Structure formats: C-alpha cells, structure tokens
Amino acid sequence: MANLLMMNELTNAEIFQILEDAENYKRGFGWNPSEKLFVSNLFFEPSTRTRFSFEVAEKRLGLEVLNFTAEHSSVQKGETLYDTIRTLESIGADAVVIRHHEDYYFNELRDKVSIPIINAGDGCGHHPTQSLLDLLTIKQEFGSFQGLTISIHGDIRHSRVARSNAEVLSRLGAKILFSGPKEWQDPFNSYGEYVDVEEAIAVSDVVMLLRIQHERHEEKSSSNNYLQEYGLNLQREKLMKKDAIIMHPAPVNRDVEIDSQLIECERSRIFKQMENGVFARMAVLKRALQQIEQNQEGNTHVIYS
Amino acid sequence: MANLLMMNELTNAEIFQILEDAENYKRGFGWNPSEKLFVSNLFFEPSTRTRFSFEVAEKRLGLEVLNFTAEHSSVQKGETLYDTIRTLESIGADAVVIRHHEDYYFNELRDKVSIPIINAGDGCGHHPTQSLLDLLTIKQEFGSFQGLTISIHGDIRHSRVARSNAEVLSRLGAKILFSGPKEWQDPFNSYGEYVDVEEAIAVSDVVMLLRIQHERHEEKSSSNNYLQEYGLNLQREKLMKKDAIIMHPAPVNRDVEIDSQLIECERSRIFKQMENGVFARMAVLKRALQQIEQNQEGNTHVIYS
Amino acid sequence: MANLLMMNELTNAEIFQILEDAENYKRGFGWNPSEKLFVSNLFFEPSTRTRFSFEVAEKRLGLEVLNFTAEHSSVQKGETLYDTIRTLESIGADAVVIRHHEDYYFNELRDKVSIPIINAGDGCGHHPTQSLLDLLTIKQEFGSFQGLTISIHGDIRHSRVARSNAEVLSRLGAKILFSGPKEWQDPFNSYGEYVDVEEAIAVSDVVMLLRIQHERHEEKSSSNNYLQEYGLNLQREKLMKKDAIIMHPAPVNRDVEIDSQLIECERSRIFKQMENGVFARMAVLKRALQQIEQNQEGNTHVIYS
C-alpha cells in the first residue's frame, strides 16, 4: 500500500524517485492513468496552497476529484473518520488526501482501509508533501543536498514542516541549524542546534522561514517586534551568502517572518515552492495510484462479497 | 418527465428496469451520454454517502457536475427553491438532484420545471435511491423478493427509508416486520406488524437496521441502553437464520443500533450497500437523462423565447 | 492582459466582438482551448446565477475549474487577496473570476499578477458580465441599441448593474431614464434623468428592474408598499409599448420589484437573461484565455526563476 504518511517512512531511494518523477511532470512527461480513477480530498482545516495544489495535480493527471468538506458531511452526525474513509472507499475512491487537526490521525486508518492515504498535514505533526516540494526546490537550485547548510527559523515547536524537513535533510546530508524565540524551541527535534539568527543567516545556503501559526497556539511570542528580533529583515538579507535562497511554506505573515519587500525578491523561492508543489504532488499521486491500477482487473476496484 | 420523487410512483416494471440497468453498470456496461450534459446536486442537509455516491455516479457516466451549497447561494438572499431550480435550468442544468429538509419539497416544483428532479431525500419523507440500492442488495443476495421476510428495526417514525422500503418490499412480495421502541412506531405505516426484536431477528432473511436520527427529534428514546434493548448485539446475531444478512443505511451509530464488531462481519452488507448505491444512482440518472438527450436537437436544451 | 474589470474599459468594438462571440457559442460554435487550462472562481459573496453561470461556461469550454471558497482557505489565517491570487497563479490557474465585497478590490491586483482577472462583481461598483448579458439580450431582441429607450427602476444607488449599464447603453446610442425612490437616487450617475415610474414605463423599449439589495443597506425604503409605489405591477405592465420587454438581473424579490405573475410572462426576459449569461461568459473567458494560449510555449504557463 503506497501510503504517504510521514517522511521518515520513505527511504532515500523512494525520495529520489519522487523527485525525479516530479521533475518529469514539470517537463511535461510521466504516467497518466489509463482509466477513470477517483481521488477524494478531505480537508478538515482551512487551506489554499495545499488543497488547490493537490486538486491541480489530480486534474493534470486526469483524475476525477471528490472534494469533501466536513461541514456538509455526516461528520456532522457524528460519523468517525474511519467510517468516512471506508464510505468513500466503498463509493469508489481510489485514494484519499487528508488534512486533519489531530496528530497521527492516520494511525487509526493504516492497515484497516485498502486504499492509499496521502497525508496533507496532521495537527502539528507531519506534512510530507511540503517536505517533498521543499526538497525539489533545493535540488533544482543546488543539484544535491550533501554539504548544504540549511537554517530553519521561527516557530519550530508548532511546525509540521520543521520536524519533517530537519529529519529528511539531515538524512540526505545537509547540516541543519535552528533559530528563533526560546519558547518555540522543540526539545524533541534533535536534528540541529540552535544558533543566533544572524549567525544562522550568514552561513546558510537556504534560509527556511516558518510561518507563525497564530491559529495554533495561545502563547504569543514574547516579542512585539518579531521581524526585528527573529525575522528576515532587509539588513539581515544583506548577510546572506551570494547564492543563498529564501524559502517559506506560506501563507506569509507579511513583515513578521519576512520583510514584505523580500517576498518576491530575486533570492526568494516562495512562489516557486508553490509551483513545485503541484509537480511533487503529481509524483506522490502517481506512486499511490500506479500500483492500484496494475492490481485492478475488473471495472470497480473493490468488491465486497 | 422522468422524475424520481417517491418509490410509490414507480411501477414494478420500472423498478426492475432500474435494477437491471444498475447490474449492468456494475458489470461495466450501459448508456453513457453522447454529449456534454450537466447535473446539479443541491444538498440542503449534510450528507456523505448520498452526496458522493451521486457525484461518483455522475462522473462515471461522464456528466458535468455542479455542486450547489445553500450557504454560498442566493438562498441567502431569500431566493425560493423554485426560483433556484429555474435558474439552474436556465443556466443549463439537464437534471437536478435535491436533498431538502422539508417533506414533499418537490410538490412546488413538479409540473413547473422542465428538467427531471431526482429526490435524494425529503425531510422525514422519502429517499427513493436508498430504497433502490437496498433492493439491489437484496436481489443480488436472494435473486427475488417473493417470500422473503424482512424486519425493519428502530426509529420507524422518523425514517425516510422505513416508509419507502416497507411499501415497495410488500408490493414486490416480501413480508415486513417492524420492531423497536413504542414511541417510534409509525401509525401511518401499515405495511407490517410490530413484533418483539428477538422474534423478528429469528425469522428474517434480512435484518434491516435504521439509524437513530438524533438530529431529527427532541425526544430521546426512553432507553439508555438501546443496543441491549432494541439493537443487534452479539447474542441476537446468533439467533439469525443461516443465510440471513444485515443491512443499515448508515451512518451507523456504533454500539447503538448494532454492535461495532458486527459492522463488517460476514453477514453485513453495510458497505456493499454503499457500493451498490453508485450503480443504482447511475441507473436513475440514465432514466432521467436518456430521454432528454433523445428530445434534444440543438445545442442548448431549453430555449426561452 | 485581457482583464475584464469595468465596462468603461471596453471599447465599442470590443463589446461587439464579445456579443458576436457569445452569439456563436449560443449557436454551438467558437474557440475551445486545445490544451488543459485552469480557471479559479473566487466568490467572497453568496451567488447562484453568476457563480454557476461561470462554472457552466468554463465547463462548456472544456476548462478545468477550481472553486475557491474563502472559509476553507488561508484567508482564514489572514492571507491577503493579492497573496491568494499569486498563489493560485503559481499553482497553475490561467485566469481568475472574482466576486468581492470591496469596491475596486482589483486595483491592488491589476498590473501585479500576470493572469487575467474577470470581475464578477465588486461591492456596489461594477458587474461587467451582467452588463454584457443584458446587452446580448437587448441586441437579440432589437438588433441594435441606437434609438432605444431604456428605463432603469429602483435601487440605483446600490446597484452594480445600474452604473455599468447606464454608461454603456448611453455610449451605444440608447436613451436612459431612471425611476425610483428619492433616497436611492445616485448623484454620481449622470447618464439619464429621473422621471415618474409610469412615464418611464410608457415610453420604454426595455423596462429594466433592479433588485432591492436588502443585504447591502440599512435604510429601508420609505415605502412599505414598494410594488404599488415604484414596482412593475399588473396595471403598469398594461402601459408598456407593444414590443417592450421586461428585464431583471435576479434574484427577484417576488411582489416587490415586480408582480409574481409577470416574472414568466411573455414580455419577460428574466430567465433568458440567465441563459444568455452563460454565452456572454464563454465569450469573456475566450477573450481572457485565447491570448494566453497563444503566448504559451512550454507546459507550465509561468516559470519563476
């Protein structure tokens, strides 16, 4: 079952295969299903980038899309996530893409449903397709991960992205640095050390900013002036290495994590990351569905006796 | 006009035609429109199964789908249901699928709009496509309805399904039994008699459980332990005849109408019902649209002078 | 960049081209894209007609549709309209259709995003596709605009339609009259003079009623009986010229702007306007996208370096 739940379940070889497939899709090549396949997108949290990026990826692949919204569904009548997914499976979904506010929501599903689950974000936990599109963006830029220094800035503790990226980038040979307010350090994330913001910026090939997730935590940062204390302001950008790039998963809090004037500057890959997201997700969908199509013989993909 | 509003408006011959068409779609055959046709789904109540089942059916048929949600529509500005449907008709909908909280909402529409209306549930009234998928499931199992004993358990009074099914199954030759709390008996439903739960289960070929619709009625069941008093628990399942099956329209209240462990047991057809729902709805859409396509000559289906 | 923001930015020649293209689409001819193009519909206000009319137009043209709703998006996390549109652009939208409650919301977007923007209504400002479908309906009826008398009735001040239509119809050679309660006169709209309702109706070729937008203004009309004082009731309809027609952008407040019995009478073009809306929007989408397709070489339409 080609689930995609957490980056740490992918081997390096699998990651490089996905990145290669993504590059091919970007160049206009790659697998398309030969028959009508259905994917259902279940977003239990608001999203623009991830949701539409998946929808575009699905439609570019020629898949049929079922957009599920919790408030118009039987979740309103108390139906569980498991029963919802089993229902979609029975109705004909060939894969599901899920964003859910609970950490590890997928643990109650894996090994129990027979269609692949693609995790589009669980609570503060994981967001593997964001990691993949980040990897794609870095690989396009530098060709390899070996020996790169990548600093991750900001709200490490609440970030789905920080955790996945730190693990996988370390594994692929990059050196990770963290920087940000003390109260947002993550004691469980041991893939890099915490350094001063300017020190981090000066030595990095990639300055990876994180979004401050106001919607996830009560405690405000101790700082009333995050940009000047911890963010990427105009002065700090000048410290960056010649070919270093800026990344941010967006949505950006303008003039908080980054000065508004830098969002579309020459170093910024913020919108390129979004563009890459479509290709990375096409590759992930291919991985999930290609196998299903091979296993399939009849017209409907699952027959309950 | 091939509306589908209430099961009692279908002749036996029409029902058998729909079931045959559904079987054909299940096997991968059947009518597909030769031109672009549009269907609009209007769900004024939350739904997972029925809504997505229709959407999958529509997309398998190659129809274009317009998903209408009341809260993003001019219903917010006070537009009536009639004006909404006439609008969709003018814009190019070739058929509409409607779920609405009002009993007989369709009476103000029939004979006034010129596109077919498919009732996906009206208040506590009717739910004909649920009946059709139930019939399909029973026919697949037993080949015929003649002589079967079918017991319907639970909230008879508030159930769209109980009413339609009792009428049509009686008509097709089955014997109906009802069972459940006294306060949920339906004085207007005279298609079967009320018997004790264990008596019903022991003699039935089909044990048809109904969902307790907490969202529809204020009065709680007098019972704090519905499963033990009226539901299908593990002990009662043992009373069932050798080849008898369990049905439930879902969503299931786990451990209320049925013990959680029985939901996916060998006797259960609960997820098979959902799977059949797609094929039954494809057949209903065929019935609604095939005729339209034949009547059509020009490019737009209705011309207002 | 083939934006469509306000009618006053279109030359007469452009308007006539759109009307001709719309007529062709109505007859079943016209441009279709040769590759997969994506359009995103962003409706920040409830809408039935405009939203579905665009969706049908897009699907008739074979476009891929991305339906954006603010409450499921990162707008919930404070993302700006500009960042939202740039995101959709990066993800692959080839054009956006926007309805937004703010007057001139598009001023912060134009010249900054590189995909065409089609305005589906801004605040109390403009609604160019409504004007175009109105023009199409009038042209079908009378062949030309030159010399026609067109009276616009009702809530002139809050109407997106009144402003656009008065400007463009004057420009195309029609004479405009206004009629309605004093408190809803628009001092900035100088394209016609205010006359008594019966005088207006008696001399008009087109009686164009406006919707009372209860949802937009606090002040009630001074009248408790709008229909009798200012509306088109049965008596006033009898004053109309032999071939004069009735128009209304809908949704109609039945028995307020117009007697219920007149909504589908022989003179009424209310539902025909909706039907024409699809063809007018197809023509507008063609104008926006045809050029893009010509400019495109690679597989993705915008490459950020």
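Counting helices only, and only those DSSP H runs with n ≥ 4, report the 222 nm mean residue ellipticity of chain B as the sum of -39,500 (n - 2.57) divided by its residues, in deg cm²/dmol to the nearest 500.
Rounded to the nearest 500, it is -11000 deg cm²/dmol.
Could you tell me the calculated FRET efficiency between B:Asp103 and A:Arg110, based on Cβ-Cβ distance and R0 = 30 angstrom, to the nearest 0.05?
FRET efficiency, B:Asp103 to A:Arg110: 0.10.
Enter the mean number of other protein chain beta carbons within 10 Å of the beta carbon of each residue in C:137-145, as an integer.
For peptide C:137-145, the averaged partner shielding equals 0.
As an exercise, use a Förster radius of 60 Å and the Cβ-Cβ distance of B:Cys265 and C:Glu199 to find the FRET efficiency, rounded to the nearest 0.05.
In this case the efficiency is close to 0.15.
Relative to the other copies, what are the label-point distances for A:Asn225, with labels 7 Å from Cα along the C-beta vector, expressed in nm at one decimal and sorted shortest first?
6.8, 6.8
Sort A:Phe54, C:Phe68 by Cβ crowding within 10 Å, fewest neighbours at the top.
Fewest-to-most ranking of A:Phe54, C:Phe68: C:Phe68, A:Phe54.
Do you know the relative contact order of chain A, to the nearest whole percent, from alpha carbon pairs under 8 angstrom that are 6+ apart?
Computed over chain A, the figure is 22 percent.
Among the chymotrypsin sites (Phe, Trp or Tyr not before Pro) within region B:131-188, which fall in a DSSP loop and have no more than 15 other Cβ atoms within 10 Å of their own Cβ?
Hits after loop and neighbour filter: B:Phe188.
What is the dipole size for the protein assembly as shown, taken about its Cα centre, with +1 at each Lys and Arg Cβ and -1 at each Asp and Glu Cβ, in debye to the nearest 20?
The dipole magnitude comes to about 1280 debye.
What shape does region B:63-111 take by its C-alpha gyration tensor, where a ≥ b ≥ c are the square roots of the eigenvalues and a/c under 1.5 counts as rounded, a/b above b/c as prolate, and the rest as oblate?
Rounded.
Could you tell me which helices of chain B pass both thresholds, a Cα extent of 18 Å or more along their own axis and a mean Kyte-Doolittle hydropathy of at least 0.0, with helices taken as whole DSSP H runs?
Helix filter hits for chain B: B:128-142.
From the square roots a ≥ b ≥ c of the eigenvalues of the alpha-carbon gyration tensor of the protein assembly as shown, which class results: rounded (a/c under 1.5), prolate (a/b over b/c), or oblate?
Oblate is the answer for the protein assembly as shown, as a/c is 1.5 or above yet b/c matches or exceeds a/b.
Tell me the trypsin sites (Lys or Arg not before Pro) within region B:46-120 that lie in a loop according to DSSP and have at most 15 other beta-carbon atoms within 10 Å.
Loop-located and lightly packed - B:Arg110, B:Lys112.
Where a ≥ b ≥ c are the square roots of the eigenvalues of the C-alpha gyration tensor, would you call region B:1-61 rounded, which needs a/c under 1.5, or, failing that, prolate if a/b is larger than b/c, or oblate?
Here region B:1-61 falls in the oblate category.
Using a 10 angstrom cutoff on alpha carbons, build the Gaussian network for chain C and name the most mobile of C:Ser74, C:Ser40, C:Ser131.
Result for chain C, Cα springs under 10 Å: C:Ser74 fluctuates most.
Let me confirm one metric for peptide C:270-280, namely the mean number of other chain beta-carbon atoms within 10 Å of its residues' beta-carbons.
Counting Cβ atoms of other protein chains within 10 Å of each residue's Cβ and averaging gives 4.
Rank these for me by crowding, A:His127, A:His100, going from fewest to most other beta carbons within 10 Å.
By the 10 Å Cβ count, ascending: A:His100, A:His127.
Given contacts defined as C-alpha pairs under 8 Å and at least six residues apart, what's the relative contact order of region A:42-102, whole-number percent?
In percent, rounded to a whole number, it is 54.
Counting only other chains, and only Cβ atoms inside 10 Å, what mean value do you get across the residues of C:89-95?
That average works out to 6.
When only DSSP loop residues count, what GluC sites (Glu not before Pro) in region C:1-100 have their Cβ near at most 12 other Cβ atoms within 10 Å?
Here the GluC sites (Glu not before Pro) that fit, given the DSSP loop and packing criteria, are C:Glu35.
Each reported figure results from applying straightforward, stated rules to the coordinates on display, with no laboratory input. Since this is a predicted model, take the numbers as computed values, not measurements. Cβ atoms come from the backbone with ideal geometry, glycine included; neighbour counts cover every protein chain shown.
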